[in-house]
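This report concerns only the one structure given below.
The values are calculated or read from the model by the stated rules, or taken from the named source; none is laboratory data. These numbers were taken from a predicted model, which means no experiment stands behind them. Methodologically, a virtual Cβ is constructed for each residue, glycine included, from the backbone with ideal geometry; neighbour enumeration extends over all protein chains shown. We work out accessible area using only protein heavy atoms, side chains counted, and drop any ligands, DNA or RNA first. Shrake-Rupley method; radii C 1.70, N 1.55, O 1.52, S 1.80 Å.
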Amino acid sequence: MSNKEVKAALKSARDAIRNKEYKEALKYCKAVLKQEKNNYNAWVFIGLAAAELEQPDQAKGAYKKAIELEPNQLLAWQGLANLYEKPNQTDVKGDLADVYQKLLELYESGDKQKWCDVCNKLVELYHQEKKYVEVAETWQKLIRMKQEEGAEKAELHQLWKKMIQFLKDSTRNQDNKTGQMLLTAFEHALNSADVVPGEDHQNLYKDFIQCLSKFPHEVARLEKACHDMMALYPTITYPLEVLCLHFVHSGTLSEKALHCFSRLLEMDASSGPGIIGFGIKCLKENKYKEAVKSLTEGLQKTNQCPVAWHYLAEAQMKIHEHRNAVLSCNQALEALGSPEGPNLRWKNLALQLKAETLIKIADADAAEEAIKALDQIVDGSSGPVVSALRGQAYLNKGLMDQASKISQELLLSHPDLAEAHALEGFIHYSQKNYEQAEKSFLNAIEKKAGTAEYHQYLGLTYWFMSDETKKDKGKALTQFLKAAKLDSYLGSAFCYLGNYYRDIAGDKSRARGCYKKAFELDETDEESGTAAVNLSVELGDMDTALSILNEVTGKARPGTAKWAWLHRGLYYLRTGQPSQAVADLQAALRADPKDSNCWESLGEAYLNRGSYSTALKSFRKASELNPGLVYSIYRAAALEQILGKYENAIATYQQILKKTENYVPALKG
């Protein structure tokens, strides 16, 4: 076949392909290759025809042979790209990316439009594969090309925005290089915006700030972006809210942070982040109740601040709302999820605070929960304070050996740690080894004098050690006073002060004040509530007694606060108000249906009201529950007599006289 014939055969092959006669085309090409086995065009045409005949392996082999012959010729690369782009081609994305890279190289000095088209395709391919670094680098090449061609500002703005779209998912698996490219794209997009200030520009700024807030190491850049946006859009609260949340999350309360909180609240008094910031400020200023109020309100308004739950738990812990504090810790842990970086520190803090709070609840179930929380602290087992907490949890659970082992190890490894000495003190105190407990608590106080709990336990140690230490003003009393001064929310310290003034000093008025304070701090403290009421009655101050009882019964759920219902019922009984007495004594019995004395009092109230049948039932119930209540049996007999049930009455009187021969009321009856 002469040179002329080769050219004619290739022309026939081209015409056959144009007419979709692919098998014919293959025949011509094979004839050419018999003559010239390295003919570039023949291999390219075979690739084209085989691809159309759905013979991808043959097509790929032909194109690769052509490329081998002429690596810098376009045709074979274009054909290979078209082949790999077909939907039936799988697992070729890596190869296709290499082909696109070569095409970019070949188009670079020539057809700029085709270069841009291939560049777009390559970026889309990288994006599908989540190769964000390659996406960013390739797209930046495209933008540089456009800049060199003198593209308009508006076109460049759209290109930077497109780059943001490509990279915005990359913040989830953040590598620093992609992150920096994304932030750079935001800055270029903001600088190339046409209308400033304007709605699109404002939304872009919000996205930029939101993106920055996901990068813990970009604090300075975040603060600058927020301030720049505030300068451009002084009525928009968004940048201030982000800044406030950033300061809350950082855990530092600088002047800058305080200024940010107050400025945000001036602009929008109902802003969640602003209210949270104010709550944290209150917490740091020891205004715990205000802190609880503000943090609770702020958290209702924003769900973007898991750390605020931790601060709320801290404030609740300070006012001894232990069960609420545990719930807040659980909310913090749920909101933090499975964190990394700074959030991991917050998770560990929330777990530790949860354990501390559960230990204060001081029952075996709470101790078990506390141990579980401590087990979840990452790298927490090595911390001495965490070890001391674990020791206390074991002690609350009754695992004395484990608690003692931790205590001994801590005293050896950390002799200057107050918590180590306190743990030793708690162990001795629980075993009633009061002399050793005294030494341990004194050591703990020497290391950390400002802890109310240590003073309270030293006071309790003196209280139970001996009559001398109980009565000695310099011992128990002094320690309870110090505890109450250091922690004005520690209800139990005021309760013990009440015990001291009532039982040792004989000062009923002062005792009542302490019990009243203890009860105001902890409305579940029945001992203090009862003592405050009883002392008010003894002091002739029924108004105070009733105000306490009315407050408790007003808030009580059905079946609770028996002591308050009973006390008020007995008061109404004494003061000739039997109907009110009946209602209150019934409420008391809903809380404790097996209290025989309460049934007896209810019988008395019904009797005074003239309800003889129900009175009789109440007295019978009392004597069933406690057969030793002679008065109830006598009252039942007397009522049977009144109701004309004489035989029953006589039998009941005789029953009493068998047990108590000289019981005069029964003899009379």
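Diffusion coefficient (Stokes-Einstein, Kirkwood radius over C-alpha pairs, 37 °C, 0.692 mPa s) for region 439-522: 261 µm²/s, rounded to a whole number. Computing FRET efficiency as 1/(1 + (r/R0)^6) for A505 and K448, where r is the C-beta to C-beta distance and R0 is 22 Å, gives about 0.15. Using the Cα gyration tensor of region 238-380, with a ≥ b ≥ c the square roots of its eigenvalues, what is the shape: rounded (a/c below 1.5), prolate (a/b larger than b/c) or oblate (neither)? Prolate, because a/c is 1.5 or more and a/b exceeds b/c.
Surface composition of the chain: carbon plus sulfur atoms hold 48% of the accessible area, using a 1.4 angstrom probe and ignoring ligands, DNA and RNA. Pairs from the list K141/K224; K289/K354; K281/K372; K432/K517 with a Cα-Cα gap above 25 Å: K141/K224; K281/K372; K432/K517. Grouping the Cα pair distances of region 76-149 into 5 Å bins from zero gives a pair-distance distribution of 3, 16, 28, 26, 16, 8, 2, 0 percent in increasing distance order. Summary value for the chain: 3 percent relative contact order, contacts being C-alpha pairs under 8 angstrom separated by 6+ residues.
The largest accessible area among V630, V195 belongs to the first residue in V195, V630, and the rest follow in falling order (1.4 Å probe, all chains).
The stretch between D363 and M267 holds 29.9 nm of extra length on full extension. This uses 0.36 nm per residue minus the Cα-Cα distance. Among S579, S192, the order of accessible area from largest down is S579, S192, computed with a 1.4 Å probe on protein heavy atoms. Kirkwood analysis of region 379-514, using all unique Cα-Cα pairs, places the hydrodynamic radius at 15.4 Å. Packing, taken as the mean count of other beta carbons within 10 Å per residue, orders the peptides 40-49, 539-548, 239-248 from highest to lowest as 40-49, 239-248, 539-548.
Considering only L344, L26, M317, the residue lying farthest towards the positive end of the dipole of the chain is L26, judged by Cα position with unit charges set on Cβ. The structure shown yields Rg/Rh (Cα atoms, Kirkwood Rh), and of the options (i) 1.27; (ii) 1.63; (iii) 0.96 that calculated value carries the label (i).
Shown for region 469-612 is the translational diffusion coefficient from the Stokes-Einstein equation, using the Kirkwood radius over Cα pairs, a temperature of 10 °C and a viscosity of 1.306 mPa s: 99 µm²/s. Taking square-rooted eigenvalues a ≥ b ≥ c of the alpha carbon gyration tensor, is region 303-406 rounded, prolate or oblate, where a/c under 1.5 means rounded and, failing that, a/b exceeding b/c means prolate? Oblate, since a/c reaches 1.5 and b/c is not below a/b.
Residues L399, L353, ordered by accessible area of protein heavy atoms at a 1.4 angstrom probe radius and largest first, appear as L399, L353. For region 120-213, list log₁₀ I(q)/I(0) at each q in 0.18, 0.19, 0.25 Å⁻¹, using the Debye formula over Cα point scatterers of equal strength and ignoring solvent, two decimals each. Summing over Cα pairs of region 120-213 leads to -0.80, -0.88, -1.32.
Per-residue ellipticity at 222 nm from helix content only, as computed over the chain with -39500 (n - 2.57) for each DSSP H run of at least four residues, stands at -24500 deg cm²/dmol. Solvent-accessible area per residue in the chain equals 51 Å², computed with a 1.4 angstrom probe and all protein chains kept. Taking packing as the residue-averaged number of other Cβ atoms within 10 angstrom, the listed peptides 491-498, 197-204, 180-187 run from highest to lowest as 491-498, 180-187, 197-204.
Of all lysines in the structure, the ones whose alpha carbon falls short of 25 Å from that of K4, not counting any fewer than 8 places away in one chain, are K20, K23, K27, K30, K34, K37, K65.
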